[in-house]
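A.B. asks: Quick one: the structure is below, questions incoming.
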Amino acid sequence: MNTWHEVADLIGSLLLLSGALVALSGVIGLLRLPDVLTRSSAATNPQTLGILLLTAGVALRLRSWVDVGTLALVVFFQLLTSPVAAHLVARVAHRTGQTGAGPLLRDDLAGQGRQATGGEGPEPDGSGTG
Amino acid sequence: MTPPAPKVPRGRRLDVPLIAWLTVIWMLLWSGPTWGNLVSGVLVSVVLCLVFPLPAVELALRLRPIGILRLAGYLLYDMVASSITVTLRSLGGTRRPRPAAVIAVPLRCRTDLMIAATAVSVSCVPGGALVEVNGATATLFLHVSDADAPGKVERTRRDVWRLEALAVRAFGTRAEIDRIGADPAREEPGRDRGE
């Protein structure tokens, strides 16, 4: 019984540590990567994985079902919302033409797609062209 | 969490699964399943559903445990892989930036829910960022970095299709799964129209 608690504590600590490291790597990417879109992907993927590892570690250390449920809720909403945020950032970046240093190799979105999904507000200029 | 009753529109009427789900969240947020939490949760959920009615959404949702497990496993693997990619790239010093591209990926599924599920899953693909979703034509637009690398665009497109198949096999209806069985390459001739 007691050994199991110690094992769970140990694994929990390792998960907490690795989650923190993964989140840190995401932040370093956020600072060092060159443009909006790569930075945005650095801000979402490692952060989500970091949250996942952190909550798993916390769950192993708390070991109560109600807390595990709450943590599962945290993970659920994290998984659901961070792609949406990343998508909005990417969409704005594309519409304002901030898609990296050089011109785009190709842009399938250049002419179409906007009227069907956007529909709101005035049309921006032909952004992100090659 | 939702029984197969896709034809019921969500208007100003009580949606029992939604209320149950909101109540569960309420109880978790108030730290535990007590009777007081249950009663207040049901009250709050009913009031919320009456005051803020949701638009009618065709809920063509099925929960398939094996498919969900496979999707979760693949997403976890993808997330680890993309985290490693991002870490290596950010630690690897500033390289000369390679040209990126925005590519259109036509999907095979047609329901809004499946398109959304695929779009959310796609955010985990390494090196790809979702720029736009066109629900009418079921097309995703992805920003691909390093697009001049040979086969990179094709590989990204195949990744998206694989994620789509996994997502539909986890949550889709029978009709959508049948659609997934089709060859994605059949859309190939139309894809270069934005050239």
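The values are calculated or read from the model by the stated rules, or taken from the named source; none is laboratory data. Model, not experiment: these values are computed from the prediction. Note that we place each Cβ from the backbone using ideal geometry, even for glycine, and neighbour counts take in every protein chain shown. Keep in mind that these areas ignore ligands, DNA and RNA; they rest on the heavy atoms of the full protein, side chains included. Shrake-Rupley method; radii C 1.70, N 1.55, O 1.52, S 1.80 Å.
A.B. asks: Taking the options A:Ser13, A:Ser40, A:Ser18, A:Ser64, name whichever one is open to solvent by less than 30 Å² (accessible area, probe 1.4 Å) and hydroxyl-bearing (Ser, Thr, Tyr).
C.D. replies: Values: A:Ser13 fails: open to solvent by less than 30 Å² (accessible area, probe 1.4 Å); A:Ser18 fails: open to solvent by less than 30 Å² (accessible area, probe 1.4 Å); A:Ser64 fails: open to solvent by less than 30 Å² (accessible area, probe 1.4 Å).
After ruling out the rest, the residue left standing is A:Ser40.
A.B. asks: Suppose we filter region A:31-63 for residues that are within 9 Å of another protein chain (Cβ to nearest Cβ), modelled with pLDDT of 85 or more and over 9 Å from the mean Cα position of the chain (by Cα); how many remain?
C.D. replies: Counting residues in region A:31-63 that are within 9 Å of another protein chain (Cβ to nearest Cβ), modelled with pLDDT of 85 or more and over 9 Å from the mean Cα position of the chain (by Cα) gives 3.
A.B. asks: Looking at (1) within 30 Å of B:Ser145 (Cα to Cα); (2) assigned to a helix (DSSP H, G or I), can you tell me which one A:Trp4 breaks?
C.D. replies: Failed condition: (1).
A.B. asks: Let me ask something additional. Take the conditions surrounded by fewer than 19 Cβ atoms within 10 Å (Cβ to Cβ), part of a helix (DSSP H, G or I) and either of a type in the set (Ser, Thr, Tyr) or touching a helix residue (DSSP H, G or I) at 6+ places or on another chain (Cβ under 8 Å) (or both) and apply them to A:Ala85. Does it pass?
C.D. replies: yes
A.B. asks: If B:Trp26 satisfies every condition in (1) modelled with pLDDT under 90; (2) in a helix (DSSP H, G or I) but one, which is the exception?
C.D. replies: (1)
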